[in-house]
1. Restricting attention to region 79-87, does a residue exist that is more than 21 Å from Arg223 (Cα to Cα), in contact with a strand residue (DSSP E or B) (Cβ under 9 Å, 6 or more places away or on another chain) and either among the small types (Gly, Ala, Ser) or at pLDDT 95 or above (or both)?
2. Taking Ala142, is it in contact (Cβ under 8 Å) with a residue 60 or more places away in the chain, exposed (fewer than 14 other Cβ atoms within 10 Å of the Cβ) and either of a type in the set (A, V, I, L, M) or assigned to a helix (DSSP H, G or I) (or both)?
3. Exactly one of (1) touching an Asp or Glu at 6+ places or on another chain (Cβ under 8 Å); (2) hydrophobic (A, V, I, L, M, F, W, C); (3) open to solvent by less than 30 Å² (accessible area, probe 1.4 Å) is unmet by Trp189. Its number?
4. Looking at region 203-236, which of its residues are under 22 Å from Ala140 (Cβ atoms) and surrounded by fewer than 24 Cβ atoms within 10 Å (Cβ to Cβ)?
5. Against the condition surrounded by 14 or more Cβ atoms within 10 Å (Cβ to Cβ) and not acidic (Asp, Glu), how does Gln132 come out, does it pass?
6. Mind listing whichever residues of region 130-151 are within 19 Å of Leu168 (Cβ to Cβ) and small (Gly, Ala, Ser)?
7. Tell me yes or no: at least one residue of region 171-183 is hydroxyl-bearing (Ser, Thr, Tyr), closer than 18 Å to Ala70 by Cβ and at pLDDT below 95.
8. State yes or no: is Trp182 part of a strand (DSSP E or B) and either aromatic (Phe, Trp, Tyr) or open to solvent by 10 Å² or more (accessible area, probe 1.4 Å) (or both)?
Amino acid sequence: MFVLETLAPLAAGPEGFPRRDGAAYLPGAALREALLTAALSYAIERDEAFAAEMRRFTQHAFKGSAGELAAAMLEALLARQPELEALAPADLPLAEPARRRVLVVDTAAGRVEGELELELFEGRAEAPDVLQPELETWLAAAARRYRAALASAEAAELTRILPESAPLYRSLEAREGEGTFWPLRVGFWTPEPEGGRFLAFARSAAADRALERRFRARPLPRRIFYDPETRRSLGWANLRKEG
């Protein structure tokens, strides 16, 4: 049995969490996307041939939108590692979420852009049958590396705009040494269609420039949702194995 524990409020989408028989749930697809996004970044970091293919996509080969590029990169990952196709988490039943207003922060412009009302969940949720045993070790390494990189990049920009957010990133860094778990960025934490799939391009100046020029995108998503009540950006969570 796996358990998802939130480290910051989670949102599922602008319309809120889906419901079944009146009960809210987090779609298993959200967990799958979070795991595959971490896997994509890790694969780009560790496999230079794959990284070169992704840079080529970004710099000149791919024609389409930023969201379509992100989807094509994920397809390339699954072609490289077909065992990841087995990731098919079930939906996670949740306690009743709450509605409140969050800030939309433009990290590129260095300002709060506006507000948005979202349905937010905080707490623990049982997550049966998330990971196959043969994927656990590799995905744990991928998830840890991805969260460390994402938290560092986001902290550098968000804490300049909202200094009160700094304790969140210190706590995420401290948790990197705690036992066996899979750190995730889950759900609707940015409105950008690519999510965090371009993060690995922060290490390539040419790919970074191509993202901006060709797709009007960045390695770190331009806009991020921030909950002023908890002083945390949305979507941080840990997946743990229990029992």
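1. Taking region 79-87 first, the residues more than 21 Å from Arg223 (Cα to Cα) are 79-87.
If we keep only those that are in contact with a strand residue (DSSP E or B) (Cβ under 9 Å, 6 or more places away or on another chain) too, we end up with none.
No, because not a single residue in region 79-87 is more than 21 Å from Arg223 (Cα to Cα), in contact with a strand residue (DSSP E or B) (Cβ under 9 Å, 6 or more places away or on another chain) and either among the small types (Gly, Ala, Ser) or at pLDDT 95 or above (or both).
2. Working: in contact (Cβ under 8 Å) with a residue 60 or more places away in the chain: yes; exposed (fewer than 14 other Cβ atoms within 10 Å of the Cβ): no; either of a type in the set (A, V, I, L, M) or assigned to a helix (DSSP H, G or I) (or both): yes.
Against the criterion (in contact (Cβ under 8 Å) with a residue 60 or more places away in the chain, exposed (fewer than 14 other Cβ atoms within 10 Å of the Cβ) and either of a type in the set (A, V, I, L, M) or assigned to a helix (DSSP H, G or I) (or both)), Ala142 does not qualify.
3. (1)
4. Within region 203-236, Arg203 is the sole residue that qualifies.
5. Values: surrounded by 14 or more Cβ atoms within 10 Å (Cβ to Cβ): no; not acidic (Asp, Glu): yes.
No.
6. The answer is Ala143, Ala148, Ala149, Ala151.
7. Within region 171-183, the subset hydroxyl-bearing (Ser, Thr, Tyr) is 171, 180.
After this cut, where a residue has to be closer than 18 Å to Ala70 by Cβ as well, the list is none.
No: region 171-183 contains no residue that is hydroxyl-bearing (Ser, Thr, Tyr), closer than 18 Å to Ala70 by Cβ and at pLDDT below 95.
8. Taking the combined requirement at face value, the residue satisfies it.
The values are calculated or read from the model by the stated rules, or taken from the named source; none is laboratory data. What you see is a predicted model; the values in this text were computed from it and never measured. Here the Cβ is made from the backbone with ideal geometry for all residues, glycine too, and neighbour counts use every protein chain on show. Remember, those area values only see protein heavy atoms, side chains included, never the ligands or the DNA or RNA. Shrake-Rupley method; radii C 1.70, N 1.55, O 1.52, S 1.80 Å.
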